[in-house]
1. I'm checking my understanding of the structure. Among residues of the range 73-87 that are assigned to a loop (DSSP other than H, G, I, E, B) and surrounded by fewer than 23 Cβ atoms within 10 Å (Cβ to Cβ), which one is farthest from the chain's Cα centre (by Cα)?
2. Looking only at the range 123-178, count every residue that is assigned to a helix (DSSP H, G or I) and either loosely packed, with under 15 Cβ neighbours inside 10 Å or at pLDDT 95 or above (or both) and tell me the total.
3. Take the range 9-52 and flag every residue that is touching a Leu at 6+ places or on another chain (Cβ under 8 Å) and modelled with pLDDT under 60.
4. Of the residues Tyr230, Tyr205, Tyr214, which is at pLDDT below 90 and under 21 Å from Asn58 (Cβ atoms)?
5. What pairs come up if the first residue lies in the range 39-58 and is more than 15 Å from Ala73 (Cα to Cα) and hydroxyl-bearing (Ser, Thr, Tyr), the second is assigned to a loop (DSSP other than H, G, I, E, B) and at pLDDT 95 or above, and their beta carbons are under 9 Å apart, counting only those six or more places apart or on different chains?
6. Could you pull out the residue among Leu270, Leu237 that is modelled with pLDDT under 95, surrounded by 12 or more Cβ atoms within 10 Å (Cβ to Cβ), under 26 Å from Val120 (Cα atoms) and touching a strand residue (DSSP E or B) at 6+ places or on another chain (Cβ under 7 Å)?
7. I'm checking my understanding of the structure. Among residues of the range 13-29 that are touching a helix residue (DSSP H, G or I) at 6+ places or on another chain (Cβ under 7 Å) and not in a loop (DSSP other than H, G, I, E, B), which one is nearest to Asp240 (Cα to Cα)?
8. Name the residue that is nearest to Gly67 (Cα to Cα), counting only residues in the range 240-267 that are touching a Lys or Arg at 6+ places or on another chain (Cβ under 6 Å) and either aromatic (Phe, Trp, Tyr) or surrounded by fewer than 19 Cβ atoms within 10 Å (Cβ to Cβ) (or both).
Amino acid sequence: MHRNQNAYEKISVKPAYKYDYVCQRWEIKDEDIKNKKCIIGNAQTEKEPKVLLWGDSNAAHYIGIIGAFSKNANFTFKNLEHSSCPPVLVESLEFVEIKRIDKCRKSLKKIKNIIYNYDVIIMASAWAEYNARSNRFIPSIFETIETLRKNGKVIIILGTVPYVKGYDRVCKEKSIGIPSIICDGNKKYKLDEEIVAINKILKDYTLDKENVRYFDIVENLCSNGYCSAYTNTGTPLYRDSSHLSLAGSWMIGEEITKNISGVPHQFEQLSR
């Protein structure tokens with residue numbers, strides 16, 4: 001019943017929502033909430049997990065990383081992601097694209113009915129994109145977090161993964177037919193200042209807040225202001241310019257647990 005991911009996904013070009021254990025939908029429905037395939041982790045239990053990963057596609061591409069942590073720290077988590085819809089508990093959605101508002105509102109209504117069943121809520125989204133549409137977005141996120149925190153919940157905010165603008169995941173395939181195309185696995189991408197700024201806002205917010213934590217993987221992908229979309233051996237980690245592939249996500253998570261012989265401190269007590 002629970003997913004114990006012991007090997008990286010073999011088909012790295014599939015979008016996250018194509019995997020049966022990734023519960024990313026345009027609209028979250030009751031069958032998604034009840035779907036046992038949405039549960040990931042090592043602990044063998046019939047009980048609903050006490051940890052929820054919640055957000056949009058930027059939450060979905062963290063699944064391998066959190067999944068690797070769950071294996072190491074022996075916890076399970078459910079994932080529910082609504083595409084192009086951030087994790088908020090507010091009525092006004094002016095930061096959502098107009099064509100997405102109806103399904104977003106319906107999805108959030110479903111989430112509101114269940115979110116207090118979880119002790120830990122891990123939140124991720126395309127923070128900068130929503131923030132660019134409305135200056136009400138960040139206050140809405142903080143209002144949501146405060147509502148959860150005051151109800152005794154632990155919140156872990158996942159920062160935005162660095163963008164790699166101009167990245168082409170099928171470059172190698174293209175180069176087979178067109179030898180003039182050069183695919184450079186060593187190429188470095190400048191760390192986007194917008195990502196730095198939004199992540200700082202989120203991290204700074206958590207510094208004086210009890211039961212609110214922040215985590216990102218910028219240091220795992222970037223050095224001296226430049227980031228890589230590939231492993232040291234040239235294996236691509238991204239699906240597109242702003243999303244990790246599931247294979248890349250699992251690899252990064254496993255590498256982190258290997259390097260620190262455990263999990264980041266933000267996730268150490270989730271098995272309790």
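The values are calculated or read from the model by the stated rules, or taken from the named source; none is laboratory data. Everything numeric here is computed off the predicted structure, so don't read it as measured data. Cβ coordinates were reconstructed from backbone atoms using ideal geometry, including for glycine residues, and neighbour counts include every protein chain displayed.
1. That would be Asn74.
2. So the count comes out to 27.
3. Selection gives Glu9, Ser12.
4. Tyr230
5. Ser57/Ser83; Ser57/Ser84; Ser57/Ser125; Ser57/Ala126
6. Leu270
7. Here the residue is Ala16.
8. Going through the qualifying residues, I end up with Gln266.
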